[in-house]
Amino acid sequence: MINVALPKGRLGEKVYALLASVGYQCEEYSPDSRKLIFSDKRGEVNYFWVKPTDVAVYVELGAADVGVCGKDILDEYEPDIYELADLKLGKCAMCVAAKRDWHDVSGAPLRVATKFPHTAEKFYAEIGRDIEIIKLNGSIELAPVLGISDVIVDIVETGTTLRENDLKVFQQISKISARLICNKSSYKFKYSQVCALREKLKGVLKDD
Amino acid sequence: MKNFRREENVTEELISLYESRGFTRYKPGCFEEYALYQQNKDFLIGKNVITFSGLGGKLLAMRPDVTLSLIRHTEPNAVNAEKYYYVEKVYRQAAGSNEFKEINQTGVEIIGNIDKVCEVEISSLICDTLSAVSDGYILDISHMEFIEGLLECFGPYGGAMRDFLGRKDIHDFYALAERQSFDERLINCFVTAAEINGEAEKALKIAESIVLNDRMAKAVKELKDVCGYLEKAGYGSKININFSIANNADYYNGIIFNGYIEGVAHRVLSGGRYDKLLDKLGKRGGAIGFALYLGEIERYFVSGYPEIDYLVLYDDKTQEIALDKAFELKKSGSVRLARRVPEGICCKNIIDLTKEAAI
C-alpha cells in the first residue's frame, strides 16, 4: 500500500488522472465528492486530498509516503524530504515585481510584500540587499499600488494580474513546477513501490 | 516496533547492552556554559538553546546535546580509546515541533585512537541498538570523504550540489549542469551517487565505478571494510548505502550513519566519525559515536493500561478497613486504593468496601 497526498484543485486532479492512467486508479474517486480519503479495492494505493501548502507537511510527517507539491512551497518551508521528479506541471516563476516606473533607491531598506518571506529573505541576502518583509496572505499586487511596499515577491504565471495593476516583473528568482516528493523513511521501507510509481509517472509525462 | 510497555523498558535493555560491551556510563550535569554551544551551533540538531544567567553572571545553557560536554570533559588517550554511553535528558526542539522539549536521548561515543576495530564496533552496536527498539530497522551508511571528494569536483557549485544530493534532486541538478556545461563524466558520477540506495556489496561496486579522486577511493575502501564485517556478522540485510545523508562537513570526516525504524516518519538515530569536533575543541585524537532519539519515538511504543491485581474501593466509613485490607492483600499481589474505579487502569479483582456485603 502506498499513500499519496494530492493537492486539492486542478493540479491534483491532473496528477490523479496521470496516476490512474498508469494503474493507480480508485473506483471510489469522483472529482465532485467531498471525501478527503479514497482507496482502491486492491489495497495498492490510498489518496488524500490536502491543501497544496500542506502536502509537504503530510509527507514529512509520514502520513503520506509520496505527494505532489509546488517548488515554491519546497523552497519556502524546506521540508526534510526527497524530491524525486519534476512533473513539469503547473509551470510558473517566482519573481520580483514592482510598479512600471519603480527605480531601486539603494540607500534605504527595500520594502518587500510577499506570501513567501523565507524565499524573499534568502534571495536578497544572497545579493546583499537590506530588506523589510511585509507578510501578506493574498492580493499581493495591491501592496505597491497602495504604497505599503516597494516591490513584491510572488508567483507569476501569465503576468495578466501584474499588467492589469500596472506592475511588471523586474527579476526572476526561480522557475516553479510541481514536484514528486517522498518521505525519507518511506523511501527506505517502500523503495520498490516508490520507484515503480515514480518511473510510471515519469513515463506517462514523457508521452504527455 | 517491539511490544514495549514503556520507553523505560527499552532504556533498560540498552543499558545492559552497552555495559555488556564494556562501555562506561557518562553522567554530565544539566547545565553547561552557553559559549560551548554557541561556538559549535552547527554540530547541534536544533540551533536554539535555553539560556539563563548563572549566579556568577556567566551565561549558562540547558544541555541540548551530550557529545559536546563529553568531549570537553575528556582527555583523549593517544594509544587506547575510551568508551562511553549515556542515557540523559536533553533540551531542544523536537522533530516536527516549534517548542522546546525535554527529550530522552541515549548515545555511545568512542574517543581517542580510533581504528577499524572501533568503526566496526560502533556500526554493529548501532544495529543492536536499533534492533532493541524494533526488528524492522534500516541503517543508512555513507562517508563524508566520498561526498566531499565528489562535491570538490564541482568547484564553486559544491554548495548547490550538496543540496541536490541531500534531496536526491536530479532534475534541478540536470538544469544547472546544462546551464554550466558540466563535463559528461562528472554529470554521470553525480547522478549515480545520488541514486545509490541499496545493499552494501552491490552499492559499493557502483560507488567504486564512479570514483573521481583519492578521497572518494579511500572512502569506498573504508566502507567496504566496515560493511564486509557487518555482512559477516549477520547484519547485511539491514545495511543500506545512501550518499544523501547530510552531516556537517565542519565536524564529520569519515563514516556516517542514519537509523530508520519502520513506521516512524523521521530518522531515529544519527552519528558518525567526528574527529574535526575534537580538533575544534583543542583536543587531539579521533571520535566516533551515535545518538538514539528515544524521546522522539516514545509515542510509537505500545502503551497498554497498567495492570493491578486488586482494586480496593472505600468511602468515608471504610477508610480504616480499606487500609487493613490493602495491607493483607499486598502479600499476594499489587493493590490500589481508590474511592471509585479509576480510568485507564486494568484490575483483575475489585473489592468494593462501600457495599456492606464486602466488609
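Where is the GNM fluctuation largest for chain B (alpha-carbon springs, 10 angstrom cutoff): B:C127, B:C118, B:C153? Comparing B:C127, B:C118, B:C153 in a Gaussian network model of chain B, the most mobile one is B:C153. Only protein heavy atoms count here; under a 1.4 Å probe, B:Y300 has an accessible surface of about 70 Å². Per-residue SASA remark: B:R72, around 90 Å² accessible (1.4 Å probe; ligands, DNA and RNA not included). Electrostatic bookkeeping for A:I155 treats Lys and Arg as +1 and Asp and Glu as -1; over the other residues with beta carbon under 12 Å from its beta carbon, the sum is -2.
Which one, B:Y26, B:G236, B:A78, projects farthest toward the positive side of the charge dipole computed for region B:7-300 from Cβ point charges (K/R +1, D/E -1)? Highest projection toward the positive end goes to B:A78.
Among the GluC sites (Glu not before Pro) within region A:100-208, those in coil by DSSP and having at most 12 neighbouring Cβ atoms inside 10 Å are A:E157.
All other residues whose Cβ lies under 11 angstrom from that of B:K47 are scored, Lys and Arg at +1 and Asp and Glu at -1, for a net of +1. Distances between placed amide hydrogens fall under 5 Å for A:G70 paired with A:R179, all partners being 5 or more residues away or on another chain.
What pairs from A:K71/A:K184; A:K168/A:K202; B:K47/B:K89 go past 24 Å between their alpha carbons? The partial results should precede the final answer.
On the way: A:K71/A:K184 18 Å; A:K168/A:K202 35 Å; B:K47/B:K89 17 Å.
Pairs exceeding 24 Å: A:K168/A:K202.
Expressed as a fraction of 2.2 N^0.38 Å, the value expected for a compact globular protein of N residues, the C-alpha radius of gyration of region B:7-300 is 1.02. Compute the normalised compactness of the protein assembly as shown: alpha-carbon radius of gyration over 2.2 N^0.38 Å, N being the residue count. Rg over 2.2 N^0.38 Å, computed on Cα atoms: 1.16.
Estimated from helices alone, the mean residue ellipticity of chain B at 222 nm is -11000 deg cm²/dmol (sum of -39500 (n - 2.57) over DSSP H runs with n ≥ 4, per residue).
Nearest 5 percent is fine: what portion of the DSSP beta bridges confined to the protein assembly as shown is antiparallel? Walk me through the numbers before you get to the answer.
Details: 69 of 100 bridges.
In the protein assembly as shown, DSSP labels about 70 percent of beta bridges as antiparallel.
The slack in the chain from B:S181 to B:C346, taken as 0.36 nm per residue of separation less the alpha-carbon distance, amounts to 52.5 nm.
Shape call for region B:308-358 from the C-alpha gyration tensor, a ≥ b ≥ c root eigenvalues: rounded (a/c under 1.5), prolate (a/b greater than b/c) or oblate? It comes out oblate by the Cα gyration axes.
Answer rounded, prolate or oblate for chain A, using the Cα gyration tensor with square roots of eigenvalues a ≥ b ≥ c: rounded when a/c is under 1.5, else prolate when a/b is larger than b/c, else oblate. Since a/c reaches 1.5 and a/b is larger than b/c, the shape of chain A is classed as prolate.
Run the dipole for the protein assembly as shown about the Cα centre, Lys and Arg Cβ at +1, Asp and Glu Cβ at -1, nothing else charged, and hand back the magnitude in debye, nearest 20. Could you put the intermediate results ahead of the total?
Details: 74 positive and 85 negative charges, 60 e Å.
The dipole of the protein assembly as shown has a size of about 300 debye.
Taking Lys and Arg as +1 and Asp and Glu as -1, the other residues whose beta-carbon sits under 10 Å from that of B:Y86 total 0. Ellipsoid fit via the Cα gyration tensor, region B:217-300: semi-axes of 23, 20, 11 Å, each the root of five times an eigenvalue, largest first.
According to the square roots a ≥ b ≥ c of the eigenvalues of the Cα gyration tensor, what is the shape class of region B:1-89, taking rounded for a/c under 1.5, prolate for a/b larger than b/c otherwise, and oblate for the remainder? It is oblate, given that a/c is not under 1.5 and a/b is not larger than b/c. When you restrict to C-alpha pairs under 8 Å that are six or more residues apart and normalise by the size of region B:308-358, the relative contact order lands at 56 percent.
Looking only at region B:198-216, which residues have a backbone nitrogen under 16 Å from a spot 7 Å from the Cα of B:A233 in the C-beta direction? Only B:200 fall inside the zone, counting backbone N under 16 Å.
Of all DSSP beta bridges located in region A:60-208, what percent are antiparallel, nearest 5?
Numbers: 23 of 31 bridges.
So the antiparallel bridges amount to about 75 percent of the total.
Which FRET efficiency, nearest 0.05, do B:K330 and B:N188 yield, Cβ-Cβ r, R0 60 Å? Walk me through the numbers before you get to the answer.
On the way: r = 73 Å, r/R0 = 1.22.
Computed FRET efficiency for B:K330 and B:N188 comes out at 0.25.
The Rg/Rh ratio of region B:275-339, with Rg taken over Cα atoms and Rh as the Kirkwood radius over Cα pairs, comes to 1.51.
Taking Cα atoms only, the orientation of helix A:117-126 departs from the longest principal axis of chain A by about 60 degrees.
Antiparallel DSSP bridges in chain B: what percent, to the nearest 5?
Taking every DSSP beta bridge with both residues in chain B, the antiparallel ones total about 75 percent.
Counting only DSSP H runs of at least 4 residues, each contributing -39500 (n - 2.57), and dividing by the residue count of chain A, the helix-based mean residue ellipticity at 222 nm comes to -9000 deg cm²/dmol. Amide H to amide H, with H built 1.01 Å from N, A:I173 comes under 5 Å of A:M94, A:C95, A:V96, counting only residues 5 or more places away or on other chains. Per-residue surface analysis assigns B:F52 an accessible area of about 70 Å², computed on protein heavy atoms at 1.4 Å probe radius. To the nearest Å, what is the center-to-center distance of region B:159-188 and region B:9-30, using C-alpha atoms only? Value for the Cα centre distance between the two parts: 43 Å.
Measuring between their Cα centroids, region A:161-194 and region B:314-353 lie 62 Å from each other.
The lysine pair count for region B:272-359, using Cα distances under 22 Å and pairs eight or more places apart or on different chains, is 8.
The values are calculated or read from the model by the stated rules, or taken from the named source; none is laboratory data. Bear in mind that the values here come from a model prediction, so they are computed numbers and not experimental data. Please note: Cβ atoms are built from the backbone with ideal geometry, for glycine as well, and neighbour counts cover all protein chains shown. Heavy atoms of the whole protein, side chains included, go into the accessibility calculation; ligands, DNA and RNA do not. Shrake-Rupley method; radii C 1.70, N 1.55, O 1.52, S 1.80 Å.
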